[in-house]
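Asks: Below is the structure I would like to discuss, written out as structure tokens.
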Number of protein chains: 6
Amino acid sequence: MLPPMTTRIDGRLPEQLRDVKITRGWLDHAEGSVLIEFGKTRVLVAASVTEGVPRWRKGSGLGWVTSEYEMLPRSTHDRNDRESRKGRVGGRTHEISRLIGRSLRAIIDYKALGENTIVIDCDVLQADGGTRTASITGAYVALCDAVEWLRERKLLAGEPLTGSLAAISVGLKDGQPLLDLCYEEDSTADTDLNIVATGDGKIIEVQGTAEGAPFERAELDALIDLGLKGCAQLTILQREALA
Amino acid sequence: MLPPMTTRIDGRLPEQLRDVKITRGWLDHAEGSVLIEFGKTRVLVAASVTEGVPRWRKGSGLGWVTSEYEMLPRSTHDRNDRESRKGRVGGRTHEISRLIGRSLRAIIDYKALGENTIVIDCDVLQADGGTRTASITGAYVALCDAVEWLRERKLLAGEPLTGSLAAISVGLKDGQPLLDLCYEEDSTADTDLNIVATGDGKIIEVQGTAEGAPFERAELDALIDLGLKGCAQLTILQREALA
Amino acid sequence: MLPPMTTRIDGRLPEQLRDVKITRGWLDHAEGSVLIEFGKTRVLVAASVTEGVPRWRKGSGLGWVTSEYEMLPRSTHDRNDRESRKGRVGGRTHEISRLIGRSLRAIIDYKALGENTIVIDCDVLQADGGTRTASITGAYVALCDAVEWLRERKLLAGEPLTGSLAAISVGLKDGQPLLDLCYEEDSTADTDLNIVATGDGKIIEVQGTAEGAPFERAELDALIDLGLKGCAQLTILQREALA
Amino acid sequence: MLPPMTTRIDGRLPEQLRDVKITRGWLDHAEGSVLIEFGKTRVLVAASVTEGVPRWRKGSGLGWVTSEYEMLPRSTHDRNDRESRKGRVGGRTHEISRLIGRSLRAIIDYKALGENTIVIDCDVLQADGGTRTASITGAYVALCDAVEWLRERKLLAGEPLTGSLAAISVGLKDGQPLLDLCYEEDSTADTDLNIVATGDGKIIEVQGTAEGAPFERAELDALIDLGLKGCAQLTILQREALA
Amino acid sequence: MLPPMTTRIDGRLPEQLRDVKITRGWLDHAEGSVLIEFGKTRVLVAASVTEGVPRWRKGSGLGWVTSEYEMLPRSTHDRNDRESRKGRVGGRTHEISRLIGRSLRAIIDYKALGENTIVIDCDVLQADGGTRTASITGAYVALCDAVEWLRERKLLAGEPLTGSLAAISVGLKDGQPLLDLCYEEDSTADTDLNIVATGDGKIIEVQGTAEGAPFERAELDALIDLGLKGCAQLTILQREALA
Amino acid sequence: MLPPMTTRIDGRLPEQLRDVKITRGWLDHAEGSVLIEFGKTRVLVAASVTEGVPRWRKGSGLGWVTSEYEMLPRSTHDRNDRESRKGRVGGRTHEISRLIGRSLRAIIDYKALGENTIVIDCDVLQADGGTRTASITGAYVALCDAVEWLRERKLLAGEPLTGSLAAISVGLKDGQPLLDLCYEEDSTADTDLNIVATGDGKIIEVQGTAEGAPFERAELDALIDLGLKGCAQLTILQREALA
């Protein structure tokens, strides 16, 4: 007997991405910018270029890339207090900001970038699961535009991008691996895994967490397989957007 | 001899608004939401309804309306540090948040609202002058939708809105009053005035500041006249958006 | 029939200021200092001169003037928590500090001031309405003394003061414009307007707010007229104090 | 040969207090208030009474007394940044606030006070040495007035004050004990000791610090002797002020 | 030809743990406590039991387990500023605290724990790589003792531990997987992976990061295999310590 | 009749120290480190040397010594929240940090130290009374090792230590002076005095506080006598540890 083809809340197949839209140049001032949508999840990514690097890196001839992630207070189903009002950045915000920056730096040749800094701001306008992976996937496109901006001004010492980069979430629900979880799926999944991969299928970061019961090695393997497939599909969509 | 008709940077007449776009329902979760654009200025307004009121108001039978304003780090020409990272909300952010909340409360009948709270978040996605007045103008529309949401659920004790509300900036440049300043005009104007008015032409708030030399009483009068005209035009646009 | 002449809580006429006392040199260390009293409202103003300017202004040949306002915890009827203990400066404190600084800068010739900084501290020892306008009115006198201190030491490049400056609050109560509201009047007024004007009657800042119902253009005009008269009276008292 | 009688900067004898002025009722709103002056040192003390006690003490039938100390930014020779702007209270401020509160609590019968809280705010308007001891000496007087306020309203369960309290600083300079150091003396003394004593000559707190070289036991004894004499003189001045 | 047996800085074999010491009951007050050492890495873990749960969980009948991680300022080669002095908790600290808490909660039966809270404090006394995995491994032992403490007092509703838990780091250096990296190895590894597993070999959390170049799927598999082996060894050491 | 010989909770004589253990070199990275134990009180002291001095001291040729004290959250009987999480350092922590730094600086010859900074971190692993005096006593030993480290590297301009330093607490209970109070004694003592003295019996700091009733001059003298005896005993133990 065949397994049920569409067990998902929104009618998708287990291995199907949500509708992904990548709108470049959504902002007028930023050197690179993208509005990226994974279904109802909507993240505004801005890449800001500044000449020079942080103090601890000055005179090294090397560039720097970093990122900050934040959610608007009403991006979520219920309103959350602003971190600026609370006077402190929460642990989750810190953790995701660090993940995005670390992932982007994995495809950067600092020497080719020269002593320039690129800051990637990922602001979640609406959240429906997968905001960190949408952020990373969009950040790559905004980064490309920022690099192009530097290239046009002859501010680069070479090609700073050593590859492309995309990210997706996968989850295990009742033993079934699912691609690109929406919020409702995410909150009921047994296991949640985020994967960041290059366009040629190598892994940059993998984070898997047992939300319910601990999981088997074989389940982990299935999730990684599915995640890499999802990243490959996103890589194609990124290329189309950048064309 | 006639004065020059188009002395403005973007070719507008002195008394002409920028293109104003009001997109309702831009968010899926919020009870009311608007993306409002005054030319390149783009503000995302979300109205969040919660049952109940702050502790100091409990049991009074009265509702509450408040607002928070913030700019995304790359809404501006150059990137600004996030207030959440600095660990403190800046004076300008505080000042504008207070202005928006105070203005909205001027058209609220707390008793009719019942013990419900509406929080209006105004997040500036892109800034090109007039972000506080665009916020207020958009906030009124989002507020209407949030009130409608309450009405449909029969959570109101009457009609909580006692009128409509719009806001615009005006400035004096070389003795000439100009309506709805863009950033470049704003930063070179001699005097800057923001006015918040009701749909029937009464004043809720007026704030005029000499940026350069102190100004004459007659100049103040001309600015107020022009500001009231601008608010009247915005009132029409709000009605169309709400139709 | 004539309107009643004395409808006010403290027996004043509608157009009458409270007793204003300006005590210069109240502090021994500060380059300029004033204890200013508007009735029971009592503000200690200190002007501190330092050589040099903030980093962003260095080498410009221009001076800088800024201000900080704060209330002592028991300046009010009930004790308020200290902002230092709360770890954050409140919105109202920020807003008033900014207003005072902006107002003072409107009468400063930065070039004549040379690369010197004057910080004006306004600490409210007792509050009974009008603390921001008393602060501004006193700040001008303390500023004069600080400028004189610089002049005596030949640290100026010219006359840094382009005029004088005073501020007053006015309000509308039952349709009647009232000058210089005390706390009890202020908390029941329908409209509240603060005006900052130069000694020759020009306007530096005007801020009017509907506390209750929105107000008519004609009412605004009456309030501005009365405010300008109040500033003119304060200008005379400042001159006497400085004589 | 006799030692020189007047070696002190301001011509005082070694065992002589500065001019001490205690002005009761300096504030209109506070239940008790004092402007206390030790020479140029000027501290405004406000005692605020509230019904009820902090949560951890509720239902115990016992009252509470606490204190906060702070210096105005230009109380000192050079301006200091506000702790509210720095977002944190400094160590010295904390330390002195705790000392004042602890000292006052040593003469309080909590049971007689009933479930009432008295907060003593000591704000240094001008500093010339000895601000903590002036604060404590003034705080006792303000506390008496606050207790009287409670007594008049029949809110006490008995006599909450078990004694009186005064404090003074003493220092060792070139082997000579000096009473009530002014700032210039304090900053050049070898040893600095603050003593808090009751009106009947018992000790509540003693804090002695070697600013330069460590000191001998005999020197400590001489300082304590002198400090107790100073407290006795202050006790007389407090009684006169309270008469 | 055989590969070299000892390529590691400290002479260990690739698959060899450092010396692991687990000292139970290192503290007198805590309900459970462990000093855990992985070579020079030394973490003091304290488990604190309190009756009751956080407000959002009250009345649910369910318990709660959470964790906080911090490094002493001189646990590292160079001294780091204290986060308490900086006034904010850093991203790395947040991230690791969250990881520890999440991992422990994966083996907790909240119902059996009853409305009790266990807080696990992991303070790094000395850091030489692997502080988060040492923390988790030690936390399990301290947690067991805290649970035993509850059991002896008959405060449990059943067996709250559904399994055991250990964690280890693995890394890829020049293509060779290495177990339990010390600081020097960690800072030069190409890939770094932390794995948290149960005593019966299931996975709770896996986090792999490309520090240098992105890594292959096969390399990830090898790292996970080695990590699971390491966790199995630690499980044995935990059992011995708990015996 | 003889007084009872052992009235103390733990069987000690009134003038008896708890068991004192000083373990040097407890840390591998720090230039000086000590685990010091006074009975159950256990403090980890680390001395960190850095070349250079704070900005305000640069070019003076003088060194600097400072200290930070903190308690681990579960060093106490009940767990305390971390100050890093609260976002502010408490008054007690500030006060003790300042005391330790001030005490150490009293035996430092800044000129001989040269432009080097030594930071002494005192982290209380377990608290049972006397944590500040144990910190100071241990800090002297760690400081000696840090100075030795500098000497070996020929980074000193002379002998920076002008003497040795120890500290102890004494208390008055039912009229009986007791040496080295444990927590339970400390919390029930009528008077509490901490004394810091040099190896040759001079006083650096004395802080006495009436916890209950104010105390007599004669009682103070007895406490100081006993404290100096305790410091002398600790001096011997320090010498043994440093031998």
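Asks: Exactly one condition in (1) outside any helix (DSSP H, G or I); (2) farther than 30 Å from C:Gly32 by Cα; (3) out of contact with any helix residue (DSSP H, G or I) (no Cβ under 8 Å at 6 or more places or on another chain); (4) touching a residue at least 12 places away in the same chain (Cβ under 8 Å) is false for D:Asp123; which is it?
Replies: Failed condition: (2).
Asks: Hey, another quick one. Could you please find all residues in region F:173-202 being within 16 Å of F:Leu13 (Cα to Cα) and polar (S, T, N, Q)?
Replies: Across region F:173-202, the qualifying residue is only F:Gln176.
Asks: Does A:Ser103 satisfy the criteria of being out of contact with any Pro (no Cβ under 6 Å at 6 or more places or on another chain), of a type in the set (Ser, Thr, Tyr) and over 28 Å from A:Asp225 (Cβ atoms)?
Replies: Here the answer is no, as A:Ser103 does not meet what is asked.
Asks: Based on this model, can you work out whether C:Arg132 counts as within 14 Å of chain B (Cβ to nearest Cβ) and surrounded by fewer than 22 Cβ atoms within 10 Å (Cβ to Cβ)? Spell out the reasoning first.
Replies: On the way: within 14 Å of chain B (Cβ to nearest Cβ): yes; surrounded by fewer than 22 Cβ atoms within 10 Å (Cβ to Cβ): no.
No: the conditions fail for C:Arg132.
Asks: Separate question: Look at region E:217-238 and say how many of its residues are farther than 21 Å from A:Val196 by Cβ and more than 8 Å from chain A (Cβ to nearest Cβ).
Replies: 12
Asks: Return yes or no: is C:Asp186 of a type in the set (D, E, K, R) and within 18 Å of B:Ala106 (Cα to Cα)? Break it down stepwise before answering.
Replies: Details: of a type in the set (D, E, K, R): yes; within 18 Å of B:Ala106 (Cα to Cα): yes.
Yes: the conditions hold for C:Asp186.
Asks: So which residues in region E:50-90 are over 26 Å from F:Ala47 (Cα atoms) and either part of a loop (DSSP other than H, G, I, E, B) or under 18 Å from the mean Cα position of the chain (by Cα) (or both), if there are any at all?
Replies: Answer for region E:50-90, where residues must be over 26 Å from F:Ala47 (Cα atoms) and either part of a loop (DSSP other than H, G, I, E, B) or under 18 Å from the mean Cα position of the chain (by Cα) (or both): E:Gly52, E:Val53, E:Pro54, E:Lys58, E:Gly59, E:Ser60, E:Gly61, E:Leu62, E:Gly63, E:Val65, E:Thr66, E:Ser67.
Asks: Kindly provide the set of residues from region A:20-43 that are away from chain B (no Cβ under 14 Å) and either farther than 29 Å from A:Leu150 by Cβ or in contact with a Leu (Cβ under 6 Å, 6 or more places away or on another chain) (or both), ordered by number.
Replies: Answer for region A:20-43, where residues must be away from chain B (no Cβ under 14 Å) and either farther than 29 Å from A:Leu150 by Cβ or in contact with a Leu (Cβ under 6 Å, 6 or more places away or on another chain) (or both): just A:Val20.
Asks: Another question, if that's okay. Against the conditions (1) assigned to a helix (DSSP H, G or I); (2) among the basic types (Lys, Arg); (3) over 13 Å from the mean Cα position of the chain (by Cα), where does C:Arg102 fall short? Just the number, please.
Replies: So C:Arg102 meets the others, but not (3).
Asks: Does any residue in region D:90-119 that is within 21 Å of D:Leu156 (Cα to Cα) come within less than 9 Å, Cβ to Cβ, of a residue that is modelled with pLDDT under 95 and assigned to a helix (DSSP H, G or I) six or more places away or on a different chain, and which pairs are these?
Replies: Short answer, once both residue conditions are applied: D:Tyr110/D:Arg57; D:Glu115/D:Arg57; D:Thr117/D:Arg57.
Asks: Based on this model, can you work out whether B:Asp128 counts as part of a helix (DSSP H, G or I) and either acidic (Asp, Glu) or closer than 20 Å to C:Asp221 by Cβ (or both)?
Replies: no
Asks: Moving on. Failed condition for C:Ala241, given (1) under 21 Å from C:Gly175 (Cα atoms); (2) more than 9 Å from chain B (Cβ to nearest Cβ); (3) in contact with a helix residue (DSSP H, G or I) (Cβ under 8 Å, 6 or more places away or on another chain), with all others met?
Replies: (1)
Asks: With respect to C:Arg239, is the statement that it is surrounded by fewer than 18 Cβ atoms within 10 Å (Cβ to Cβ), touching a Ser or Thr at 6+ places or on another chain (Cβ under 9 Å) and basic (Lys, Arg) true? Let's see the steps before the verdict.
Replies: Values: surrounded by fewer than 18 Cβ atoms within 10 Å (Cβ to Cβ): yes; touching a Ser or Thr at 6+ places or on another chain (Cβ under 9 Å): yes; basic (Lys, Arg): yes.
Yes.
Let's see how each residue does on (1) within 7 Å of another protein chain (Cβ to nearest Cβ); (2) within 25 Å of F:Arg88 (Cβ to Cβ); (3) among the β-branched types (Val, Ile, Thr):
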| residue | (1), (2), (3) |
| --- | --- |
| C:Gly59 | no, no, no |
| C:Thr66 | no, no, yes |
| C:Pro73 | yes, yes, no |
| C:Asn80 | no, yes, no |
| C:Gly91 | yes, yes, no |
| C:His94 | yes, yes, no |
| C:Gly101 | no, no, no |
| C:Leu104 | no, no, no |
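Asks: May I pose another question? If you go through region E:162-174 one residue at a time, do you hit one that is farther than 21 Å from A:Val206 by Cα, touching a residue at least 40 places away in the same chain (Cβ under 8 Å) and not hydroxyl-bearing (Ser, Thr, Tyr)?
Replies: Yes, region E:162-174 contains a residue that is farther than 21 Å from A:Val206 by Cα, touching a residue at least 40 places away in the same chain (Cβ under 8 Å) and not hydroxyl-bearing (Ser, Thr, Tyr).
Asks: If E:Ala112 satisfies every condition in (1) more than 9 Å from every other protein chain (Cβ to nearest Cβ); (2) among the aliphatic types (A, V, I, L, M); (3) part of a loop (DSSP other than H, G, I, E, B) but one, which is the exception?
Replies: (3)
Asks: Restricting the search to region F:203-216, which residues are at the interface with another protein chain (Cβ under 7 Å from one of its Cβ atoms) and either out of contact with any strand residue (DSSP E or B) (no Cβ under 7 Å at 6 or more places or on another chain) or within 21 Å of F:Pro14 (Cβ to Cβ) (or both)?
Replies: Answer for region F:203-216, where residues must be at the interface with another protein chain (Cβ under 7 Å from one of its Cβ atoms) and either out of contact with any strand residue (DSSP E or B) (no Cβ under 7 Å at 6 or more places or on another chain) or within 21 Å of F:Pro14 (Cβ to Cβ) (or both): F:Val206, F:Gln207, F:Gly208, F:Thr209, F:Ala210, F:Phe215, F:Glu216.
Asks: Is region C:61-78 home to any residue that is polar (S, T, N, Q) and surrounded by fewer than 16 Cβ atoms within 10 Å (Cβ to Cβ)?
Replies: Within region C:61-78, the first condition is being polar (S, T, N, Q), and the residues that meet it are C:66-67, C:75-76.
Now drop any that are not surrounded by fewer than 16 Cβ atoms within 10 Å (Cβ to Cβ), which leaves none.
No, there is no match, as no residue in region C:61-78 is polar (S, T, N, Q) and surrounded by fewer than 16 Cβ atoms within 10 Å (Cβ to Cβ).
Asks: Considering only region F:123-143, state which residues are within 11 Å of F:Val45 (Cα to Cα) and either in contact with a Gly (Cβ under 7 Å, 6 or more places away or on another chain) or modelled with pLDDT under 95 (or both).
Replies: F:Ala142, F:Leu143
Asks: Any chance region E:165-185 includes a residue that's at pLDDT below 95, over 12 Å from the mean Cα position of the chain (by Cα) and in a loop (DSSP other than H, G, I, E, B)?
Replies: Checked region E:165-185: at least one residue is at pLDDT below 95, over 12 Å from the mean Cα position of the chain (by Cα) and in a loop (DSSP other than H, G, I, E, B).
Asks: Something else: Check region B:188-202 and report whether any residue there is over 24 Å from C:Ile224 (Cβ atoms), touching a residue at least 24 places away in the same chain (Cβ under 8 Å) and away from chain C (no Cβ under 14 Å).
Replies: Filtering region B:188-202 down to residues over 24 Å from C:Ile224 (Cβ atoms) leaves B:188.
In the following step, the residues that additionally are touching a residue at least 24 places away in the same chain (Cβ under 8 Å) were identified as none.
No, region B:188-202 contains no residue that is over 24 Å from C:Ile224 (Cβ atoms), touching a residue at least 24 places away in the same chain (Cβ under 8 Å) and away from chain C (no Cβ under 14 Å).
Asks: Let me ask another. Looking at C:Asp200, C:Asp221 in this structure, which one is surrounded by fewer than 17 Cβ atoms within 10 Å (Cβ to Cβ), in a helix (DSSP H, G or I) and not aliphatic (A, V, I, L, M)?
Replies: C:Asp221
Asks: Looking at B:Gly175 and the list (1) farther than 23 Å from C:Ser103 by Cα; (2) more than 10 Å from chain C (Cβ to nearest Cβ), which single condition is not satisfied?
Replies: Condition (1) is where B:Gly175 drops out.
Asks: Could you tell me whether A:Leu44 is within 27 Å of A:Leu161 (Cα to Cα) and under 15 Å from the mean Cα position of the chain (by Cα)?
Replies: Numbers: within 27 Å of A:Leu161 (Cα to Cα): yes; under 15 Å from the mean Cα position of the chain (by Cα): yes.
Yes.
Asks: Just one of the numbered conditions (1) closer than 30 Å to D:Glu31 by Cβ; (2) surrounded by fewer than 19 Cβ atoms within 10 Å (Cβ to Cβ); (3) touching a strand residue (DSSP E or B) at 6+ places or on another chain (Cβ under 7 Å) is not true of D:Asp186; which one?
Replies: Unmet for D:Asp186, out of (1) closer than 30 Å to D:Glu31 by Cβ; (2) surrounded by fewer than 19 Cβ atoms within 10 Å (Cβ to Cβ); (3) touching a strand residue (DSSP E or B) at 6+ places or on another chain (Cβ under 7 Å): (1).
Asks: Note down all Cβ pairs under 6 Å where the first residue falls in region A:9-22 and is assigned to a loop (DSSP other than H, G, I, E, B), the second is of a type in the set (Phe, Trp, Tyr), and they're at least six residues apart or on different chains.
Replies: Within 6 Å, the pairs are A:Arg18/A:Phe38.
Asks: Here are the criteria: (1) more than 30 Å from F:Gly59 (Cβ to Cβ); (2) surrounded by 19 or more Cβ atoms within 10 Å (Cβ to Cβ). Tell me which single one F:Ala142 does not satisfy.
Replies: (1)
Asks: Moving on. Among the candidates A:Leu165, A:Leu156, which residue alone is more than 14 Å from every other protein chain (Cβ to nearest Cβ) and not basic (Lys, Arg)?
Replies: Selected residue: A:Leu156, the only one of A:Leu165, A:Leu156 that is more than 14 Å from every other protein chain (Cβ to nearest Cβ) and not basic (Lys, Arg).
The values are calculated or read from the model by the stated rules, or taken from the named source; none is laboratory data. Because the structure is predicted, anything quoted here is derived from the model rather than measured. Positions of Cβ are backbone-derived with ideal geometry, glycine not excepted, and every protein chain shown enters the neighbour counts.
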